[in-house]
Amino acid sequence: MIKLESGAFQLQKSQGANGYVIPLGGSYVVVDPGMAMGAKAVIAELDTAGILGDVSQVLLTHGDTDHAGAAQMVAAAAGGQLWIGRADADILAGRAVPGTLVRKLLSMIMPPKLPDTVLYLGESPGFPQGMTAVPTPGHTPGHFALAWGNALFCGDAARVRGDGSLKQFSGR
Ligand SMILES: [Zn+2]
């Protein structure tokens, strides 16, 4: 893990997406642990850092497989709860149809698996204190950005251009 200016850490072993670890007074929150193929390495990275058992929550900005594929395994290994926007959970659980052809195909090939019990960002009680879940639908219907201190973990709501300016991410 690399410590960032905000005080959060960036996972080095997550695959497909930037994964983060946020320290919250004795426990830790993992954001977007990446693709399923990187799950074991992420779990080992957290274990090596000595915090695996202290990860109380895994938060997903959205349900795309490159952000959410490893989440179930990481949450299970840590004994933590998994949070996701309801609209994206409904898609992953097959209760709603993905909005685009690409996502329909992806949902058939490698849908991220969710635990039987998930908590809904912006709805369920018990969300980590000191953080705010901000609805940012567009890239996916259930997309959330996660604010902590001066940092915003915005998933695929926006991307940074080479010149440092922000660009809205495609809804695909
Ligand atoms: Zn995405």
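Computed from the coordinates by the stated procedures, all read-outs in this text should not be read as laboratory data. Since the structure is predicted, the reported quantities are computational estimates derived from the model, not experimental observations. Cβ sites come from the backbone with ideal geometry, for glycine too, and all protein chains shown count toward neighbours.
Beta bridges per DSSP, both residues in the chain: antiparallel share near 70 percent.
Each 10 Å bin, from zero up to the one with the longest distance, holds this percent of the alpha carbon pairs of the chain: 11, 42, 37, 10, 0. Rounded to the nearest Hz, the phi-derived 3J(HN,Hα) couplings of the stretch 72-84 under the Karplus curve 6.51 cos²θ - 1.76 cosθ + 1.60 (θ = phi - 60°) are 4, 5, 5, 5, 5, 5, 8, x, x, 8, 10, 10, 7, where x marks glycine and proline.
Sequence-ordered 3J(HN,Hα) estimates for the stretch 143-157 from the Karplus curve with 6.51, -1.76 and 1.60 and θ = phi - 60° stand at 5, 10, 9, 10, 9, 8, x, 8, 9, 10, 8, 9, x, 10, 6 Hz, glycine and proline given as x. For Arg159 and Ser124, the difference between the fully extended length at 0.36 nm per residue and the C-alpha to C-alpha distance is 9.8 nm.
Annotation for Leu24 and Thr48: the two label points, set 7 Å from Cα along the Cα-Cβ direction, are 2.6 nm apart. Partners of Lys113 within straight-line reach, counting lysines whose Cα lies under 23 Å from its Cα and excluding those fewer than 8 residues away in the same chain: Lys13, Lys40, Lys104. Each Cα pair under 8 Å and six or more residues apart adds its sequence gap; the mean of these over the residue count of the chain is a relative contact order of 17 percent.
How many angstrom lie between the Cα centre of the stretch 1-35 and the Cα centre of the stretch 49-96? What the calculation gives is 13 Å, centre to centre.
Using the Cβ-Cβ distance between Lys104 and Met37 with R0 set to 35 Å, the FRET efficiency from 1/(1 + (r/R0)^6) comes to roughly 0.95.
Residue order for Lys13, Lys167, fewest other beta carbons within 10 angstrom first, comes to Lys167, Lys13.
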